[in-house]
Amino acid sequence: MRVALFITCVNDTLFPGTGRATVSILRRLGCEVDFPAAQTCCGQMHVNTGYPEEGVRLARRFTEVFRDYDAVVAPSGSCAAMVREQYPRLAGRGEEGFAQEVARVAPKVHELSEFLVDVLGVTDVGAYFPHRVAYHPTCHSLRGLGLGDRPLALLGNVRGLELLPLPGAEECCGFGGTFSVKNPEVSAAMCATKVGNVLETGAEVLCAADNSCLMHIGGMLGRRETGVRTMHLAEILARTEARA
Amino acid sequence: MSERATGAPAPRALPAEEGGGGRASVTFIGMPRSFRENAAEAVRNDQLGRNLRKATHTIRGKRARVVEELPDWAELREAGRAIKDHTLRHLDRYLLQLEEAVTRAGGHVHWAADAAEANRIVTGLVQATGESDVVKVKSMATQEIGLNEHLAAHGVTAYETDLAELIVQLGDDWPSHILVPAIHRNRAEIRRIFRDRMASWGRPAPEGLSDEPAALAEAARLHLRERFLSSKVAISGANFMVAETGTMVVVESEGNGRMCLTLPETLISVVGIEKVLPTWRDLEVFLQLLPRSSTGERMNPYTSMWTGAVEGQEFHLVLLDNGRTGVLADEVGRQALRCIRCSACLNVCPVYERAGGHAYGSVYPGPIGAILTPQLRGMGSELDNSLPYASSLCGACLEVCPVAIDIPEVLVELRARARHPRSERAAMRAAGWLLGDQARLARAQRLATRLRRLVPRRLPGPGSAWTDTRDLPEIPEESFRDWWKRS
């Protein structure tokens, strides 16, 4: 199967390891991966901060770049939710024909764990990661996309991995994009609760399907010198016994 | 005391010793502070944080349990949404039907375009009775228009009779939650308020009052009983109005509302026009949705219904617009009018839990307040302009809303209409330009890579909003797109 990787601007710029891991998993499972170089950003930051005109321009670009692929895989629940949930609402703001483009492209966009479980039908990707891991479901993955237990099913089949239940897992970490700098005090207070819950698990690694949330939680885990690492789901699933 | 055409009354000053549970110097309406500043102050208040966390998590858990036990909750919720949408689409017809039915049953119907008109009508009706005291059933609409303050300015004292509203009134405080207005207070604070303030409003608190909930409830019962038996005029809101029969519905937990609805000779109800339902069959849906969503009960203890004027009583219904027609005209924002004021969104909101209700500067706090207040009174003030940003868009509110109001969708829509700071506009334009072309993005990424060792641990200026509490991520040696090109 030929799939396009939508890396997302945050992963492209700050977390290229997540992109490399995603490519590695998809190739291991027999997919031919393409990276359309014209891609940039889904427009979520602009739309959710109140700048729909810029957001629609980026959305328009997204639909043009990915229109001819059978499937688009994004290692980000939040950006996948932006395309699938919010693009249809923006359709009225775009030029003529944009709504049709959205209807054509949006349903083909999958978050990584959705693609693995629903499209490829795989829950064991042959990974090996002998560490104690807690999983934070992230709001847009949990409530936006409805990923359910797909990521947990994937993690559950990773050899050597001990999955620890995270108290208050469904609660927001307080990132919220520009919310984290527009309301930094509340954002940090929410993050402190999340960090406390992570520490309570005794996990060595906090995992999620979104690097932006992990950047926020990890930023506080690091500042407080807790020693807990953050890792994107793809980076755990990419680890094999050979590479460990 | 000044008042505004819309929204609640001007802020009251509070003596310093009344601090404690978060009221201290928290501003309410009309103050030039943003949500961020109000919330930041609340975050620093440990006691407020503990009170709110305990209370919201308790109600949240109760709601989850009684909702899970209904196999048809999703269908009920969809029915609630559909009934409200249908009614709002034909609001003109149902309001006229309601007016006719109420009038036929001996009630008087008054139409109020805004807060000033509603206050004038109610004050005139009270003055016509010759009474200077009125008892009140817990009501959001009368708080929205600042009725108590308006009555006070005209020599009429309004006595709140809902236990939590009594605590708020005695404490010269502001409500901070729709269902539990004194949620920011714990029982030790309530004991102090009762002990110090009850005497100036009527029967004093018993000697040696403890902070046991039963003792506090008994003190309130004795205090209020005197008021019920002596008052000739009552003012209420309503949870629902049934158009086909003209029936008003008030649901409550304490029975104090029923005392007010039945004992006095004159009853005046101030109700938002969006509260109307076409038929009794529709009401059935909401009598299931509301108690489970709000108090986490299968059924609320008291449901009072009355149609027009009952024998020996005069009944006036004041139908309140106060910005609602404007909201109805808005294709995205109108879904906020489906709200049945259950508070489920407040109880699950992580932002409300940290910021507290006062930070929203409105009688409608929390997620629903963040979309309702800017629509009802506009986004002219700095506070109202900041409300659409009082959310991380986590979606917990939408998940629990019994009438499926997509609060995140409305928040995002309102953000597009908000005034944006100039520096932010410039930054967003620059980001849009950079992301508008892959070559520009790649060049910026390479520049960041070259400068990666120069990024300080703590940023100056606006960047400090992040780095005060969180480390920045390390900039990698190579972007993904450069790796892809190379490999």
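The values are calculated or read from the model by the stated rules, or taken from the named source; none is laboratory data. What you see is a predicted model; the values in this text were computed from it and never measured. All Cβ positions, even for glycine, are placed from backbone atoms using ideal geometry, and neighbour counts span all protein chains on display.
I need the full set of residues from the stretch A:85-115 which are away from chain B (no Cβ under 14 Å), part of a helix (DSSP H, G or I) and among the charged types (D, E, K, R), in order please.
Once the filter is applied, which keeps residues that are away from chain B (no Cβ under 14 Å), part of a helix (DSSP H, G or I) and among the charged types (D, E, K, R), the stretch A:85-115 yields A:101, A:104, A:108, A:114.
Conditions (1) among the acidic types (Asp, Glu); (2) away from chain A (no Cβ under 14 Å); (3) surrounded by fewer than 24 Cβ atoms within 10 Å (Cβ to Cβ), marked per residue:
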{"site": "B:329", "(1), (2), (3)": "no, yes, yes"}
{"site": "B:334", "(1), (2), (3)": "no, yes, yes"}
{"site": "B:347", "(1), (2), (3)": "no, no, no"}
{"site": "B:372", "(1), (2), (3)": "no, yes, no"}
{"site": "B:385", "(1), (2), (3)": "no, no, yes"}
{"site": "B:388", "(1), (2), (3)": "no, no, no"}
{"site": "B:394", "(1), (2), (3)": "no, no, no"}
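Within the stretch B:447-474, track down each residue that is surrounded by 14 or more Cβ atoms within 10 Å (Cβ to Cβ) and either not hydroxyl-bearing (Ser, Thr, Tyr) or not in a helix (DSSP H, G or I) (or both).
Within the stretch B:447-474, B:448, B:455, B:459, B:462, B:463, B:465, B:466, B:469, B:470, B:471, B:472, B:473 meet the criteria.
Among residues belonging to the stretch A:176-186 that are at the interface with chain B (Cβ under 7 Å from one of its Cβ atoms) and of a type outside the set (Asp, Glu), point out the one that is surrounded by the fewest Cβ atoms within 10 Å (Cβ to Cβ).
A:181
Please go through the stretch B:429-466 and pick out each residue that is at pLDDT below 95 and among the polar types (S, T, N, Q).
Matches in the stretch B:429-466: B:449, B:464.
Quickly run through the stretch B:292-327 and pick out the residues that are crowded, with 18+ Cβ neighbours inside 10 Å and farther than 18 Å from residue B:249 by Cα.
If the condition is that a residue be crowded, with 18+ Cβ neighbours inside 10 Å and farther than 18 Å from residue B:249 by Cα, then B:296, B:321, B:322, B:323, B:324, B:327 are the ones that fit.
Please specify each residue of the stretch B:191-229 satisfying the condition of being in a loop (DSSP other than H, G, I, E, B) and either surrounded by 18 or more Cβ atoms within 10 Å (Cβ to Cβ) or in contact with a Gly (Cβ under 9 Å, 6 or more places away or on another chain) (or both).
B:205, B:209 - these are the residues of the stretch B:191-229 that are in a loop (DSSP other than H, G, I, E, B) and either surrounded by 18 or more Cβ atoms within 10 Å (Cβ to Cβ) or in contact with a Gly (Cβ under 9 Å, 6 or more places away or on another chain) (or both).
Here are some residues: B:433, B:483, B:466. Which one is touching a helix residue (DSSP H, G or I) at 6+ places or on another chain (Cβ under 8 Å), more than 7 Å from chain A (Cβ to nearest Cβ) and aromatic (Phe, Trp, Tyr)?
B:433
Conditions: (1) in a loop (DSSP other than H, G, I, E, B); (2) buried (at least 24 other Cβ atoms within 10 Å of the Cβ); (3) within 9 Å of chain B (Cβ to nearest Cβ). Residue A:38 meets all but one. Number of the miss?
(2)
For the condition under 21 Å from residue B:358 (Cβ atoms), part of a loop (DSSP other than H, G, I, E, B) and free of Cβ contacts under 8 Å to residues at least 60 places away in the same chain, what is the one hit in B:188, B:182?
B:182
Examine the stretch B:304-313 for a residue that is of a type outside the set (S, T, N, Q), in the same structural domain as residue B:179 (by TED's automatic domain parsing) and in a helix (DSSP H, G or I), and state whether such a residue exists.
No.
Of the conditions (1) surrounded by fewer than 22 Cβ atoms within 10 Å (Cβ to Cβ); (2) facing chain B (nearest Cβ under 8 Å), residue A:64 clears all except one; give me its number.
Result: residue A:64 passes all but (2).
Which ones in the stretch B:430-486 are under 20 Å from residue A:230 (Cβ atoms) and touching a Leu at 6+ places or on another chain (Cβ under 6 Å)?
Hits for the stretch B:430-486 are B:467, B:473.
When the residues of the stretch B:50-75 are narrowed to those that are surrounded by 19 or more Cβ atoms within 10 Å (Cβ to Cβ) and in contact with a Leu (Cβ under 9 Å, 6 or more places away or on another chain), which ends up farthest from residue B:354 (Cα to Cα)?
Across the stretch B:50-75, the extreme among qualifying residues is B:59.
To keep it simple, each residue is scored yes or no on (1) at pLDDT 95 or above; (2) in a loop (DSSP other than H, G, I, E, B); (3) among the hydroxyl-bearing types (Ser, Thr, Tyr).
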| residue | (1), (2), (3) |
| --- | --- |
| A:186 | yes, no, no |
| A:189 | yes, no, no |
| A:193 | yes, no, yes |
| A:197 | yes, no, no |
| A:212 | yes, no, yes |
| A:215 | yes, no, no |
| A:222 | yes, no, no |
| A:227 | yes, yes, no |
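Does any residue in the stretch A:10-26 that is closer than 17 Å to residue A:208 by Cβ and more than 7 Å from every other protein chain (Cβ to nearest Cβ) come within less than 8 Å, Cβ to Cβ, of a residue that is hydroxyl-bearing (Ser, Thr, Tyr) and surrounded by 21 or more Cβ atoms within 10 Å (Cβ to Cβ) six or more places away or on a different chain, and which pairs are these?
Going by the 8 Å Cβ cut-off, the qualifying pairs are A:10/A:76; A:10/A:212.
Considering only the stretch B:399-409, state which residues are within 11 Å of chain A (Cβ to nearest Cβ), of a type outside the set (D, E, K, R) and touching a residue at least 40 places away in the same chain (Cβ under 8 Å).
Result: B:400, single match.
Answer yes or no: is there a residue in the stretch B:296-310 that is under 30 Å from residue B:409 (Cα atoms) and under 14 Å from the mean Cα position of the chain (by Cα).
no
Can residue B:295 be described as of a type in the set (Ser, Thr, Tyr) and closer than 22 Å to residue B:136 by Cβ?
On the way: of a type in the set (Ser, Thr, Tyr): yes; closer than 22 Å to residue B:136 by Cβ: yes.
Yes: the conditions hold for residue B:295.
What are the residues in the stretch A:184-207 that are among the aliphatic types (A, V, I, L, M), under 19 Å from residue A:142 (Cβ atoms) and out of contact with any strand residue (DSSP E or B) (no Cβ under 7 Å at 6 or more places or on another chain), if any?
Residues satisfying the conditions are A:190, A:195.
Quick grid of which residues meet (1) among the aromatic types (Phe, Trp, Tyr); (2) at pLDDT 95 or above; (3) within 17 Å of the chain's Cα centre (by Cα):
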| site | (1), (2), (3) |
| --- | --- |
| A:103 | no, yes, no |
| A:108 | no, yes, yes |
| A:116 | no, yes, yes |
| A:121 | no, yes, no |
| A:125 | no, yes, no |
| A:137 | no, yes, yes |
| A:144 | no, no, yes |
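With the requirement that a residue be crowded, with 23+ Cβ neighbours inside 10 Å, in contact with an Asp or Glu (Cβ under 8 Å, 6 or more places away or on another chain) and within 9 Å of another protein chain (Cβ to nearest Cβ), what does the stretch A:190-217 give you?
Of everything in the stretch A:190-217, just one residue is crowded, with 23+ Cβ neighbours inside 10 Å, in contact with an Asp or Glu (Cβ under 8 Å, 6 or more places away or on another chain) and within 9 Å of another protein chain (Cβ to nearest Cβ), namely A:190.
Quick check: is even one residue across the stretch A:51-63 farther than 22 Å from residue A:138 by Cα and free of Cβ contacts under 8 Å to residues at least 12 places away in the same chain?
Yes, there is a match, as at least one residue in the stretch A:51-63 is farther than 22 Å from residue A:138 by Cα and free of Cβ contacts under 8 Å to residues at least 12 places away in the same chain.
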